[in-house]
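Have a look at the structure below, then the notes.
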Amino acid sequence: MKATFNNNSQKGFTLIEIVLVIILTSLLISVVILKTNPAENKKRARDNVRLTNLAVLERLVNDYLLDYGDYPGDINVVRTSTIFPYEGTITLNNIARGWMGVDLSAYGEKLPTDPLNNEEFFYTYTHNISGYEIDAKLEFYTEKMQQDGGDNNNKYEVGNNLTLL
């Protein structure tokens, strides 16, 4: 006599359970992506770099002023971080022969340039006898451009004479 076992209990997930898990997972991923907004995070990160770089540039200019009694570079000449100032410049961020057109190697290792450093986003520097100004356009913290005390609401301005550029 043979004994047969009838095992009707099935193990595993039903199609409805699998579809439900996929829908819930997709919904959760969509919410996370929309909440974090990667494009805005990149803009915020670049602006944080810009704000840090402007603080470094301010320090370079002020240290140079303390040592030499004058601002770095030629008076009333506008320098931008996208243009080589003179022949012989190898890279724009070279501290000795970079975009500011003066040797600042005693004050740092690298001359900051904008994270994008293109025709829309770049740094600008100029000075006259009584002061200097450094500007940058921001992508994320746009309210800072209106609240910096300068005369250009489309640029974030630092320095001690915010009407030069």
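Read-outs: derived from the displayed coordinates by stated rules, not from any lab. Keep in mind it's a predicted model, so treat the numbers as computed, not measured. Methodologically, a virtual Cβ is constructed for each residue, glycine included, from the backbone with ideal geometry; neighbour enumeration extends over all protein chains shown.
A few comments on the model shown:
- Flag if Gly69 is small (Gly, Ala, Ser), surrounded by fewer than 19 Cβ atoms within 10 Å (Cβ to Cβ) and touching a strand residue (DSSP E or B) at 6+ places or on another chain (Cβ under 8 Å): no
- Yes/no for Ile33 being β-branched (Val, Ile, Thr) and within 30 Å of Met145 (Cβ to Cβ): yes
- Yes/no for Asp103 being surrounded by 14 or more Cβ atoms within 10 Å (Cβ to Cβ), of a type in the set (D, E, K, R), in a loop (DSSP other than H, G, I, E, B) and within 22 Å of the chain's Cα centre (by Cα): no
- For the range 132-151, the candidate set comprises residues that are within 17 Å of Glu58 (Cβ to Cβ) and in contact with a Ser or Thr (Cβ under 9 Å, 6 or more places away or on another chain); within that set, the residue that is surrounded by the fewest Cβ atoms within 10 Å (Cβ to Cβ) is Gly150.
- Every residue from the range 50-67 that is of a type in the set (Ser, Thr, Tyr) and either within 13 Å of the chain's Cα centre (by Cα) or farther than 16 Å from Glu109 by Cβ (or both): Thr52
- Residues in the range 122-165 that are touching a residue at least 40 places away in the same chain (Cβ under 8 Å), outside any strand (DSSP E or B) and closer than 17 Å to Ile83 by Cα: Phe122, Leu165.
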